[in-house]
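What follows is calculated from the coordinates using simple rules that are stated; it is not laboratory data. Note that this is a predicted model, so its numbers are computed, not measured. Cβ atoms come from the backbone with ideal geometry, glycine included; neighbour counts cover every protein chain shown.
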């Protein structure tokens, strides 16, 4: 080996630059072929070293990306590595939105503009839009003057604001789908080499896989958390049942996990309880769909699940979105369905308890009304254990309807009663009130609206103690028969509201109350004005309703009688001369005269 060749090998081994190798040819013109070969070897070695460095960087990048679990951290790492590997001034990444068919900026590294990070473009617009549409890499040494791309004013303005000139863009693909575009950019003209394009494309391929893995891991983590949360919530629900929890407690537990509003409804759509934002009663078709499938069904503003026991529909549970997510993941949906099962269990337990209590209360009511004198103290003790004080004054109400079963009527009337039961084929209520007749009218109206059919309610009392309550029940029974025979079906009253008939049928007729109720306005008018309307009314009936004869008894002009009768009509009502009213008025006048004597 000659000296020139040995010298060139030493320089190559030391990593000399190309200009250092070229100096050998200057010193020795005959060494030109050897120097040219050494220069080619040097170029090849530098290429190998560069590719080795790039591969090392790619492996390092792949390892870093594989360890990342946060998708946002993955994005930041991608653009940072791209900027470092290609030695560019700026790198950034955009994401595609297949719904809006746009691509928008997500992460930048090296940006100094306020406008550039907010840019959004349509698919096919600009360099990145073309890459997103075609799934192929593109590069330009001067973007703003390059006519190969479809320019838009907003994108070009953002590029000018950032001061960019050269751009390289490569797609991020998962399978056949382009999920985004990765960029390398310079603020001065630059021709990106095929090796640089391949390098950025390799990084984009690694990044796309890592990004998709991060997404899948996030979904798996979210699913695992949802499953764990659902299991904990299920255990909590069952613990509530075992500890005697009620429907509001169950609804609160479900709302705490799922968010939004939780409402529970009967099979008829009546609200049982509600937690959180308002919830509307579900549409019957949604409840029917859930009942048929045995699964929760999605609605326009939430979810509905039928509450059922076997084939029997007990009600429904509704979840409205409120401020929570509209949709439910599978684990949350299963929790929602478990809540419906727990609700069914509570409703069945409530029904069993109510049935047992109804039987006990019904037995007490039957013994009270059939044998009040047999053992009064035992009756009082039994009632006290049920939370009822029979010694306190109670009104006795009897509710009657021909179009619905008595059991349903009793269920609807239970809200008004201290004690309720079915006795002698009648729904009987004991109620604490001082105005039995008024309450009977109110209960009749409410039950009619609730059941959709006329409900007649008769009342008596108030009375205290077993014997007196039994007598009040007998009077309420007579009042009910009178109401039905008089054609007052669907009304509510006590004997006091039946006028003279109630006066005849009542055990203890209150004559003073009857007189006052019948003639009270006339009494008040005479007392306040010193008139003689009551005396005129008495004379009118005494003469058989003959005003000319009545004026002789009163010693006034017949016109005065007519004026007084007109005033009486305005006080007592236009129907005061009907046969029924006239009978009541004459009876009240006679009773008043007897009391005066």
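Points worth noting:
- Potential extension, residue 309-residue 270 segment - 0.36 nm per residue separation minus Cα distance: 12.2 nm
- Approximate spin-label separation residue 209-residue 153, in nm, with each point projected 7 Å along Cα-to-Cβ: 4.5 nm
- Cβ-based exposure ranking for 576, 303, in which fewest neighbours within 10 Å come first: 576, 303
- Inter-label distance, nm, simple model (7 Å from Cα along the C-beta direction), residue 516/residue 176: 9.3 nm
- Burial ordering of 404, 179, fewest other beta-carbon atoms within 10 Å first: 404, 179
- FRET efficiency, residue 348 to residue 385 (Cβ-Cβ, R0 22 Å, nearest 0.05): 0.30
- Distance in nm between pseudo-label sites at residue 575 and residue 590 (7 Å out along the Cβ direction from Cα): 2.3 nm
- Length released on extending from residue 373 to residue 434, taking residue separation times 0.36 nm less the Cα-Cα span: 19.5 nm
- Calculated translational diffusion coefficient of the range 371-504 (25 °C, 0.890 mPa s; Stokes-Einstein with Kirkwood radius over alpha-carbon pairs) equals 167 µm²/s.
- Among 585, 78, the order by Cβ neighbours within 10 angstrom, fewest to most, reads 585, 78.
- Estimated FRET transfer efficiency when R0 is 45 angstrom, pair residue 453-residue 582 (beta carbons, to 0.05): 0.85
- At R0 = 45 Å, FRET efficiency that the Cβ-Cβ distance of residue 563 and residue 484 yields, to 0.05: 0.60
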